[in-house]
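Read-outs throughout are calculated quantities, based only on the coordinates presented, and are distinct from any laboratory measurement. This is a predicted model, so every value here is computed, not measured. Positions of Cβ are generated from backbone atoms using ideal geometry, with glycine treated the same way; all protein chains shown enter the neighbour counts.
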Amino acid sequence: MGFWGFITVLAIIFGTFFYVDAVIIKGPYSLPQNFFAGRIDPPPASVGLNLVTPGQPGFTWQMTVFFATLAFVSWMMRQVDISMKLDMGYHVAVAYGVVVSAWITLQILRPIAMGQWHEGFVLGVMPHLDWVSNFGYRYKNFFYNPFHAIGITGLFTSTFLLGAHGSLVLSASQYRGSEGSDIEDTFFRDVQFYSVGEAGIHRLGFIVACGGVLSANMCILLSGWVVQDWVSFWNFWTTLPFWSNV
């Protein structure tokens, strides 16, 4: 298990205790309903960036976020440790770390930038989905957020790239010719005049996926901190010089 694995297990135990106790056991509904509808709200806006004392609103949220963050980061460090011992690259740890950065951006960096923990999202299955929906309308129209569009494009594109690669591998596995794995490169050279290679397609999917998540982080971080209205954000477009005579 190692040091980082041990820290991860401890953080999971404590974080799960706070979450289950507040959401499921002490929730307002029956136990099955609480699993989906129970919630842990962040501290009230009046708290700012202060730490909440036990028993006060937001204390459970802060403890759950702290232990969840500790568990996520410790697990990433465990992946780094294992990669070092096996003399591997850090691709797995980096990819996982990019996902963890989304959690840190939502629950730590953006609330700090906004000056209050109240800006963190609500913990809970359905309440979290409600928060996501309301967040988009809060800044007028998220479809005007360019980082939102880039993030979605990156995730869909990486899925398409790796899906195309997987289907090609499955198709090539039926081939019995002497060329072997070269048939895969030949296929893409014939289709689009270029093949990035068997290793290259994994690297490309990795880079595009990580870039999509990092762009989504900017989408959330800038909302409210820098940009209050993503629709009005594009007003600069009509003032560009090349539109002057249109």
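With R₀ set to 35 Å, the beta-carbon distance separating ASP81 from GLU198 gives a calculated FRET efficiency near 0.80. For region 144-237, the spherically averaged projection of the C-alpha convex hull amounts to 7.6 nm².
Placing +1 on the Cβ of every Lys and Arg and -1 on the Cβ of every Asp and Glu, with nothing else charged, gives the chain a dipole about its Cα centre of roughly 540 debye. Our summary gives region 144-237 a relative contact order of 52 percent, counting only alpha carbon pairs under 8 angstrom and 6 or more residues apart.
Can you give the Rg/Rh ratio of region 2-138, where Rg is from the C-alpha atoms and Rh is the Kirkwood radius?
Details: Rg = 16.5 Å, Rh = 16.2 Å.
That ratio is 1.02, to two decimals.
The relative contact order of the chain, computed from alpha carbon pairs under 8 Å that lie at least 6 residues apart in sequence, is 21 percent.
Comparing Cα centroids, region 1-65 and region 68-125 end up 17 angstrom apart. As a rough guide to protection, the peptides 157-163, 72-78 ranked by mean Cβ packing within 10 Å, highest first, stand as 72-78, 157-163.
Note on the chain: GNM, Cα springs under 10 Å; of TYR96, TYR137, TYR175, the largest mean-square fluctuation is that of TYR175. Site pair ASN141 and ALA102 shows an inter-label distance of 2.5 nm when each label is modelled 7 Å from Cα along Cα→Cβ.
Fully extending the segment from SER167 to ASP229, taken as 0.36 nm per residue of separation minus the present Cα-Cα distance, adds 18.1 nm.
Working note: 222 nm ellipticity from helices only, DSSP H runs with n ≥ 4, each -39,500 (n - 2.57), summed and divided by the residues of the chain, gives -20000 deg cm²/dmol to the nearest 500. Translational diffusion of the chain was estimated from the Stokes-Einstein equation, with Rh taken as the Kirkwood radius over Cα pairs; at 10 °C and 1.306 mPa s the coefficient is 74 µm²/s.
Quick one, could you list the DSSP H helices from the chain stretching 27 Å or more along their long axis (Cα atoms) with average Kyte-Doolittle hydropathy of 0.0 or above? Span-like helices here: 59-85, 146-172, 198-222.
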